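We did not get these values from a lab; they are worked out from the coordinates using the rules stated. Small disclaimer: the values here were computed from a predicted structure and weren't measured. Heads up, the Cβs are rebuilt from the backbone with ideal geometry, glycines too, and the neighbour counts pull from every protein chain shown.
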Amino acid sequence: MATSHAPSHADNGKYYVPHDTQWPIIGSVALFTLMLGVVSYLNEWAGGWAFIPGAAILAFMFFGWFGTVIDENERGMYNLAVDRSFRMGMIWFIFSEIMFFAAFFGALFYARTLSVPWIGGEGVKVFNKIFLWPEFNAGWPSNGPAQLSPRENGSFEVIPAFGLPAINTLILLTSGVTITIAHHALKAGNRAMLNVFLAATFLLGFLFVGLQATEYMEAYQHYGLQLGTGIYGSTFFMLTGFHGLHVTIGAIMLTVIWLRTMKGHFTPTRHFGFEAVAWYWHFVDVVWLGLFVFVYWI
Amino acid sequence: MAHEHAAAHDDHHQAPTGLMRWIKTTNHKDIGTLYLIFSAVMFFVGGAMAMVIRAELFKPGMQFVDPSFFNSMTTVHALAMIFGAVMPAWVGLANWMIPLQIGAPDMALPRMNNFSFWILPFAFTLLLIGFFVPGGAPAGGWTLYPPLVLQGGDSLPMAIFAVHLMGASSIMGVINVIVTIMNMRAPGMTLLRMPLFVWTWLITAYLLIAVMPVLAGAVTMLLTDHFFGTSFFSAAGGGDPVMFQHIFWFFGHPEVYILILPAFGIVSEIIPTFSRKPLFGYEAMVYASASIAFLSFIVWAHHMFTVGMPLAGQMFFMLSTMLIAIPTGVKVFNWCATLWRGSLTFETPMLFALAFLFLFTCGGFSGLMLAIVPADFQYHDTYFVVAHFHYVLVPGAVFAIMAGVYYWMPKWTGHMYDEKLGKWHFWLSAIFVNVLFFPQHFLGLAGMPRRIPDYSTQFADWNMVSSLGAFGFGLSQLLFPYIIWKCVKGGAPAPARAWEGAHGLEWEVPSPAPHHTWDEAPSMAVIARGAEH
């Protein structure tokens, strides 16, 4: 990547520098409106409708901005150097996403190995056991000494790993295979196979999200496991929730890519959009494996 | 239409004029200017808050503001200065100078570049309108520690979303910096020929992209703890308020190097120029910067020695913190060795760079004192800490920004600034900054706690001195925008190489730099001439 002779000027034509653009300012207004809407909702100044204006402008921005880029790309305005910039940009964006999940994984590990045992009186924190919470039995999963739970007796159960989560693991891993088959088909010029396997990938993605929603309903209704169920509920729902959000976004992106392949976009040699989404998909896949092992299994 | 296609590549087009030019621009120089103007505005907004703080602390007792508003002042002053003044100034300088210095036609992702700037004014609007909602602006300190910050009023979600937006802006900005440096260098501009400003910015960019998302995660947990009943930071549910401090400082410590590494880069450009000598130990400077960046990830808990931590943890974080003195010492040594037997002249950028060298080192030494666990038990949350980080941030980062602005202003405007006024600005700043912050060491060692609006009478004398220094420093900064405005309007015409001893590709283009530069990559000879570090 970091070769000493970055041929930014050398290959086919100049580096494309767009002259002016209205999309970023629309995006900034959208984000501001959206955030103000969420603030209004949280502070009970307004109802749930407050989300709508910002989200609508944001969606408009995405259509417009990506539409412009796709159009310029189809007109051949991007040389290989621009392509390489997009690739590096996407890689570092995914890296930043990994670090976002790292914060929540860090919270999980900290709670499991440090804060819960400390509350239970481990080591020098023995006075916690003697004076503060003599009843508290520090183990994992834990909802803390206050036994926060929707149930009267303060109990809750966890989702067993080798039920729905294992099936979801299989679904995501399969989708990782199908997108690779689709990529090979694209490179081989086999458009029919590309379309089928890409469709299979995003359908598996949406199936995953659907099953995850089922699991959430089960947890809320029958397991006593909710967002407010102490530190276990917090880490469980924040980790799986942000992951589910990313799967949803990834599946939407895959759908867009599928619509583009149906329109005949992408060539066997130039298909950055496809690859970027495939990278993103593998990223949500790997995060899920971490979740399956550390949240559900051990 | 064939012409339409060609128009996209046309570099001699008429840019949109008026306000729309600035709103829609994708030009790295325009966006750099926007960032720098925004930074200056936030510098004076944050500075005004500092004046309120120092006015209240001028003498013991309550004078002007109520304690809650005072706490909002310290909180928002810090957020405005860190995320609004210093970081955008660095991104602005990066935008202006990196493409010029590596021979690139623009930043790699120009539309995203515009986006990363224009998010910022909205982010700070969101933060600052917090003053006008029930409960007032956030008052729990810029570190946003729970449970205190969770007791804030309606401005809490505003501050959290403002931090999210600043983070999004930073992440997009640094993706652009990384991709530009990795992909847009002119052929022949090898990594070890890059100017140190480019190198330190590259390292800064890696730090930012690794830690900004962690801050986003931390403040998201605050939001859900407050509004959605999670227990991340509540012991009742099995969480721990100290966990926030760990996650926050995993961001926060690399963040302080994000604020200072580009300063190292600028000083490493300016000292060789005005010593008329190549930088001593160029490669050592690169490796020292990278070492500092690496170490910055494994020292975070030195901000929280007093919260109660296993002894092994205290030892580890104390020793890893002290290790940072080694690469920093390499840097200070190399700057001194560059000066050694140089043919020195003392124009304003050089004066600021030399003040940086002395005063940043001073701040570094008080940092070493703070790294010692038993000593830190005494210093923690006193004015000694305030003195320490203001020494590294004001005569450190801010002086380096000012040095960079004076150094490159002839390239931006095509005029030399008023050297006499520049020297006045320097001497007033350098004297008052010490009157302002040096007595705070004494106050801290005597036990005055930080973040309080009133204090015991034995602290009165030095507080008055410090406040007088603050008013002097604040007033002298008004010279800065005047000097810049005067330089934009006119002055002696600047040659392409505005400083006799300057090297680097930015001095190979005319002054003022044309709207588009390095459309054709510089030749090998030009690069070799520029790379005489």
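Worth pointing out:
- Phi to ³J(HN,Hα) by Karplus 6.51 cos²θ - 1.76 cosθ + 1.60 over the stretch B:319-324, Hz, x for Gly, Pro: 6, 5, 5, 5, 4, 4
- Distant-in-sequence amide H partners of B:THR382 (H built 1.01 Å from N, under 5 Å): B:ARG450
- Backbone phi angles across the stretch B:189-200, fed through the Karplus curve with coefficients 6.51, -1.76 and 1.60 (θ = phi - 60°), yield HN-Hα couplings of 7, 6, 4, 8, 9, 5, x, 5, 4, 5, 4, 5 Hz in residue order; Gly and Pro are listed as x.
- Residue pairs, from the table B:LYS277/B:LYS411; B:LYS277/B:LYS489; B:LYS29/B:LYS423; B:LYS29/B:LYS277; A:LYS14/A:LYS263, whose Cα atoms sit over 23 Å apart: B:LYS277/B:LYS489; B:LYS29/B:LYS423; B:LYS29/B:LYS277; A:LYS14/A:LYS263
- Rounded to the nearest 20, the size of the Cβ-charge dipole of chain B about its Cα centre is 720 debye, with Lys and Arg at +1 and Asp and Glu at -1.
- For the pair the stretch A:77-105 / the stretch A:261-277, the C-alpha centres are spaced 17 Å from each other.
- Note on the protein assembly as shown: with charges restricted to the Cβ of Lys and Arg (+1) and Asp and Glu (-1), its dipole about the Cα centre is near 1080 debye.
- Listed by chain and number, the aspartates and glutamates placed with their C-alpha closer than 16 angstrom to that of B:LYS486 are B:ASP418, B:GLU419; residues fewer than eight positions away on the same chain are left out.
- Cβ-Cβ distance of B:GLN63 and A:ILE249, R₀ of 41 Å, FRET efficiency by 1/(1 + (r/R0)^6): the value works out to about 0.20.
- Computed from the Cα positions only, the extents of the stretch B:145-264 along the three principal axes stand at 60, 22, 21 Å, in decreasing order.
- Projecting the Cα positions of A:HIS184, A:GLY273, B:HIS515 onto the charge dipole of the protein assembly as shown (unit charges on Cβ atoms of Lys, Arg, Asp and Glu, taken about the Cα centre) puts B:HIS515 furthest along the positive direction.
- Under 13 Å from B:LYS420, Cα to Cα: aspartates and glutamates that are on another chain or at least 8 residues apart: B:GLU347
- Compactness ratio for the stretch B:247-328: Cα radius of gyration over 2.2 N^0.38 Å (N = residue count) comes to 1.32.
- Cα Rg, Dmax (largest Cα-Cα span) when computed across the protein assembly as shown, Å: 27.5, 83
- If the chain linking B:PHE297 and B:PHE227 were pulled fully straight, counting 0.36 nm for each residue of separation and taking away their Cα-Cα distance, it would gain 22.1 nm.
- Converting phi to 3J(HN,Hα) with the Karplus coefficients 6.51, -1.76 and 1.60 and the offset θ = phi - 60°, the stretch B:125-140 yields 4, 4, 5, 6, 5, x, 5, 10, 9, x, x, x, 5, x, 10, x Hz in sequence order, with x at every glycine or proline.
- Förster radius 25 Å - calculated FRET efficiency between A:VAL293 and A:ASN137, Cβ distance, rounded to 0.05: 0.50
- In a reduced charge model with +1 at each Lys and Arg Cβ and -1 at each Asp and Glu Cβ, chain A shows a dipole moment near 540 debye about its Cα centre.
- Label zone at A:THR269, where the point sits 7 Å out along the Cα-to-Cβ direction: the stretch A:12-45 residues whose backbone N lies under 14 Å: A:12-13
- Along principal axes, Cα extents of the stretch B:52-141, largest first, whole Å: 58, 28, 16
- Applying D = kT/(6 pi eta Rh) to chain B, where Rh is the Kirkwood radius over alpha-carbon pairs, T corresponds to 20 °C and eta to 1.002 mPa s, the Stokes-Einstein value obtained is 90 µm²/s.
- Ellipsoid semi-axes for the stretch A:19-72, based on the Cα gyration tensor and the rule √(5λ), read 27, 10, 5 Å when sorted largest first.
- Selection from B:PHE244, B:ALA50, B:ALA40, by position along the positive dipole direction of the protein assembly as shown (Cβ): B:ALA40
- Global form of chain A, assessed from the alpha-carbon gyration tensor, a/c cut-off 1.5: prolate
- Extension gain (nm, one decimal) between A:HIS222 and A:LEU173, 0.36 nm per residue minus Cα-Cα: 14.8 nm
- Mean ellipticity per residue at 222 nm, deg cm²/dmol - from DSSP H runs of n ≥ 4 across chain B, formula -39500 (n - 2.57): -22000 deg cm²/dmol
- If the chain linking B:TRP427 and B:CYS336 were pulled fully straight, counting 0.36 nm for each residue of separation and taking away their Cα-Cα distance, it would gain 30.6 nm.
- Inter-label distance for A:PHE60 and B:VAL307, nm, one decimal - labels placed 7 Å from Cα along Cα-to-Cβ: 4.4
- Residues A:LEU80 and B:MET322, FRET efficiency given R0 of 56 Å [Cβ-Cβ distance, rounded to 0.05]: 0.75
- Excluding exposed DSSP-loop chymotrypsin sites (Phe, Trp or Tyr not before Pro) (at most 14 other C-beta within 10 Å), longest clean stretch of chain A: A:163-298
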